[in-house]
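A.B. asks: Structure incoming, see below.
Any read-out appearing in this document is the output of simple, stated calculations on the displayed coordinates, not a laboratory observation. From a predicted model like this one, the values you see are computed outputs, not experimental measurements. Glycine gets a Cβ as well: all are built from the backbone with ideal geometry, and neighbour counts include every protein chain shown.
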Amino acid sequence: MTQAPRIPVLVIGGYLGAGKTTLINNVLSSATQRIAVVVNDFGSVNIDASLIKEKHNDTIELTNGCICCAVGESLADVLFSILDRTELPEVVVIEASGVANPAAVAAFAHIEGFHHLGNVVLVDATQALETSKDPLVGRTFALQVQAAHLLAITKSDEATDSVISEVRSIVSSLAPSTPLVLTTSATLSSLMMNLAPHADSAVAETHTEFSTTTLSHVSAQDEQQLFAFLQNFPSSVVRAKGIVELANGNRRLVQKVGSTISISQTELPTTGLVLISLK
Amino acid sequence: MTSTQPPHAGDVIYTARLIRTANPSQPTATAIAVRDGKVLSVGTLEDCQQWGITTIDRQFEDKVLTAGFVEAHSHIMTGMYSNIPYVGWFGRHMPDGSWVDGVKSTDELVQRLASIAATTEPGQPIVVSGFDPIYLDTERLSCHHLDEATTQHPVFVFHASGHLATVNSFILQKYSIEAGHPAPGVGFDKNGQPNGELREPAAMALARDEFRLIGQVVFSLETIGHFANAMRNAGITTAADLGNNFHAKDESLEEVLNATRIDSFHVRVASVPRIIGGPPAMHEFVEKVQEARTKTHDKMHIPVVKMVLDGSIQGFTAVVNWPGYFTGEDHGLFLLPPEQVVDYLRPFHQAGIGIHCHCNGSTTSGVFIDAIEVLLREHAWLDHRHTITHAQLITQAQMRKAKNLGMSANFFVNHMWFWGEQHRDITIGPDRAAAMNPCGTADRIGLQYAFHSDSPVTPANQLHTMWAAVNRATPHGDVVGPAERIDVNRAFHAATIDGAYQLHMDHLVGSLEVGKYADMTVLEQDPYEVDAMAIRDVQVWGTILGGVPSKSTAQR
Ligand SMILES: [Zn+2]
């Protein structure tokens, strides 16, 4: 088996209008890694590709997926072509189409030369109640949520608290053990990029620069879920600290230093989670 | 009386035992005069001679000429079997005309592979396609069977469904596909060892080089040439490549325009762009299509565009109305958000560009029909001919509405033969299987319709689709949906003029009428005269395209 470096692949999913474009633009404008963005057209593109292209020239648009026969130019070919480049990207971000199952897209991330980092699935606070019950696409919505490794409720500033809590309960009943954050696109983008290690993070000792990310609304079903969430952070996240609310309303003080995680009861108000990562 | 027009160089009259024109006002004839590639006159030899033509070509005097068959939904990929050996259960003609017997057992597959291996340099890939285990009662194919064929070559067997490949141990080792491999879609035996199955393209792509080889063949210019041969051999004179991207890039458009222009390219192509990108990109898409249309020629047209809305019934990925699938898990998903369909289509509808929408399931047919209703309320266009392609599970209510809206359906009636039993017993059950591809009902309702093969999904052959529509017979001798059978005359029109209509090309092709292209199918027998069950056995001599005969290379 070859031990060449494997490029991490992040998949961004979520139903039409959930904010994938905004998120990708945020990622492109703020991330420090070399990123290749793949706009997945294996079915459709619900995204204005030109908008992405303005910001960053390393965007690949899938153009000719063949549905009838499943061969032809596909996501696989795009990934192969990325490996052919002289300067490899440090992270590949794939935008799944608004009706795609992110798990099906992520299945391509196991091609030699890549490894699958996870699926971030966005849920539109203003639309999710309708979408989840829609007779035509309700199941699509459910499959997307169930495919997530990290769920993010977007556009929460445009929805009332009661709607948000309903959305939250729909989402957590579909994917009870998946971490769920309520956040802005900008914050999410830096979280995601912190999840993605830099290509040279193996030589972490030489780093002196750190970046800080605040996740303003982190919630968890229970302690186990919170623990799993923290455990899933990659090694580039060297510290995490904050106060997080559980589903039953109790709060926990969370600390992660290296791989050591501590969770303790607290009466203090929630603060969100501050992440410190190697830059 | 005689015409006062002077003759043109190349004027010719073809005589035949019988000419079937697909023109109801003059359904049969015995001679046809051709001038400048077009029908000058059709009727008796005497009628034709009144144009002062002295060249009479009698080579078809004992044959039957018909209006050239129109295949309104096929794919250029049809040509791939010239480079990738075919190993399906049904025997099939290859694009070069050679006949390949069906593979009826795992043992036969192994023998086939072993003989390919014997003439292939060790290490070179052996990629075959079309394997169809649905009719095999032998053991499920695994890497161990393939290892019996060769251990010196990477072997990649691409299944007919398009959703599965089976590879040999050489490939498993080459790409380190081992126990515990994390990729979804890698199959394991009960001991946890990979069994050679790679499910879905994502897993197939693990076998990088072999998977890529298929893609390279599918999109090569050579394949386009093979496509033309396959169509000519089947007697097809106009064939749609339904869903490509040629219009998007000047170079690729130029290449295809040139490849289709050469004399040896014996079919007219309806090159149909596939809608991709988001709704905001559609205006530019329309402009590109309009620009590309200005460059087309006699043998390449860009008449309509295609949208794909769902998957397939046999793959359980079509979106089906209540009560859903009969057995098996429902994987039906829309490929575009249904609420955006109107936004996608509006620019095309407003620009006067017809739309063919792939809808296998009943839910998707409904979404497309509803979208067209919205567009017609917004913007009147009575002659749109928007077409539901496949339309396999369209309901009667949907058909009445589609008819009222001026829409058409292009039925995938070959399914009744290739998968009719599976639909009845597995996918949707007996009642809905009997109402699949409902030609009879469409006639009763008055919905315009045509037939297609979706080649290479089923072989391009309008005699076969006619046969399937007339008989609805299955491989085990059953009839699925007898009330939906139609007569041969109706089927002949569905295989010719009705497809031309859906492609907005009925003023050019689809029937033998004065002024249209002199495109004909040359048959050894008359499909109207043979037994209904023998329609598909009628032999094709070849075609006449724009007045120029081209003999089939098909052997049997
Ligand atoms: Zn097709």
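A.B. asks: Place a +1 charge on the Cβ of each Lys and Arg in chain B and a -1 charge on the Cβ of each Asp and Glu, then give the dipole magnitude about the Cα centre in debye, rounded to the nearest 20. Intermediate values should be presented prior to the final figure.
C.D. replies: Details: 41 positive and 61 negative charges, 157 e Å.
Result for chain B is approximately 760 debye, rounded to the nearest 20.
A.B. asks: Shifting gears a bit: Between residue A:274 and residue A:87, what's the calculated FRET efficiency when r is the beta-carbon distance and R0 is 25 Å? Round to 0.05. It would help to have the intermediate numbers written out before the result.
C.D. replies: Numbers: r = 33 Å, r/R0 = 1.32.
About 0.15, to the nearest 0.05.
A.B. asks: Turning to a different aspect of this structure: Would you mind counting up the charge near residue B:345? Only other residues with Cβ under 12 Å from its Cβ, with Lys and Arg at +1 and Asp and Glu at -1.
C.D. replies: -2
A.B. asks: Shifting gears a bit: For the stretch A:251-275, list residues with backbone N below 17 Å from a point placed 7 Å from the Cα of residue A:241 toward its Cβ?
C.D. replies: The answer is A:252-275.
A.B. asks: In addition: When Cβ neighbours within 10 Å are restricted to other protein chains, what is their mean count per residue of peptide B:161-167?
C.D. replies: Values: counts 2, 6, 2, 1, 2, 0, 0.
Mean number of neighbouring Cβ atoms from other chains: 2.
A.B. asks: Then there's this: Throw me the Rg/Rh for the stretch B:77-215, computed over C-alpha atoms with Kirkwood Rh, two decimals.
C.D. replies: Details: Rg = 14.1 Å, Rh = 15.0 Å.
Here the Rg-to-Rh quotient is 0.94.
A.B. asks: If you don't mind, there's one more thing I want to ask. Taking only C-alpha pairs under 8 Å that are 6+ residues apart, what is the relative contact order of the stretch B:270-321 in percent? Display every interim value, and only then the final one.
C.D. replies: Numbers: 38 pairs, mean separation 23.7, N = 52.
In percent, rounded to a whole number, it is 46.
A.B. asks: Moving on to the next point. Using a simple spin-label model with points 7 Å from Cα along the Cα→Cβ vector, what separation in nm is obtained for residue B:548 and residue B:216?
C.D. replies: Distance between the two pseudo-spin positions: 3.2 nm.
A.B. asks: Please list, by residue number, everything in the stretch B:83-100 whose backbone N is under 20 Å from a paramagnetic label point 7 Å out along Cα→Cβ of residue B:539.
C.D. replies: B:91-100
A.B. asks: Follow-up question, since we're still on this one. Cut-off under 28 Å on the C-alpha distance; same-chain residues fewer than 8 positions from residue B:174 excluded. Which lysines are left, in chain and number order?
C.D. replies: Answer for residue B:174, where 28 Å is the Cα cut-off: B:190, listed by chain and number.
A.B. asks: Another question, if that's okay. Give me the aspartates and glutamates in straight-line cross-link reach of residue B:249: C-alpha distance below 18 Å, same-chain residues under 8 apart excluded.
C.D. replies: A:41, A:61, A:73, B:241, B:284, B:287, B:291
A.B. asks: Now for a different question. From other protein chains only, count the Cβ atoms within 10 Å of every residue's Cβ in A:94-107, then give the mean. Don't jump to the answer; show the numbers that get you there.
C.D. replies: Numbers: counts 0, 0, 0, 4, 5, 7, 2, 2, 0, 2, 6, 1, 3, 10.
Average per residue, whole number: 3.
A.B. asks: Can I ask one more? Using a/c under 1.5 as the rounded threshold, could you call chain B rounded, prolate or oblate? The axes a ≥ b ≥ c are square roots of the C-alpha gyration tensor eigenvalues, and prolate needs a/b larger than b/c, oblate otherwise. Please report the intermediate quantities before stating the final value.
C.D. replies: On the way: a/c = 1.66, a/b = 1.39, b/c = 1.20.
Taking the square roots of the gyration eigenvalues as a ≥ b ≥ c, chain B is prolate.
A.B. asks: In nm, to one decimal, how far is the modelled label at residue B:191 from the one at residue B:147, with both set 7 Å along Cα→Cβ?
C.D. replies: Going from the residue B:191 label point to the residue B:147 one covers 0.9 nm.
A.B. asks: For the stretch B:246-296 and the stretch B:47-125, what is the centre-to-centre distance using only Cα atoms, to the nearest Å?
C.D. replies: When both Cα centres are located, 26 Å separates them.
A.B. asks: Lys and Arg at +1, Asp and Glu at -1: add these up for the other residues within a Cβ distance under 9 Å of residue A:252 and post the number.
C.D. replies: Details: positive: A:251; negative: A:223, A:245.
Local net charge: -1.
A.B. asks: Right, here's the next one. Evaluate the relative contact order of chain B (contact order divided by residue number), counting alpha-carbon pairs under 8 angstrom at least 6 apart; express in whole percent.
C.D. replies: Details: 1284 pairs, mean separation 95.7, N = 556.
Value for chain B: 17 percent.
A.B. asks: Across the protein assembly as shown, what fraction of all alpha-carbon pairs, as a whole percent, falls in each successive 20 Å bin from zero upward?
C.D. replies: 15, 44, 30, 9, 2, 0
A.B. asks: Could the peptides B:326-335, A:90-99 be put in order, highest first, of the mean number of other beta-carbon atoms found within 10 Å of their residues?
C.D. replies: Values: B:326-335: 16.7, A:90-99: 25.7.
Result, highest mean Cβ count within 10 Å first: A:90-99, B:326-335.
A.B. asks: Further, regarding this structure: How much FRET efficiency would the formula 1/(1 + (r/R0)^6) give for residue A:115 and residue B:258, where r is the Cβ-Cβ distance and R0 is 41 Å, rounded to 0.05? Before the final figure, lay out each step's value.
C.D. replies: Details: r = 43 Å, r/R0 = 1.05.
Once rounded, the FRET efficiency stands at 0.40.
A.B. asks: Just counting partner chain Cβ atoms within 10 Å, what average do the residues of peptide B:272-283 show around their Cβ?
C.D. replies: Averaged over the peptide's residues, the number is 5.
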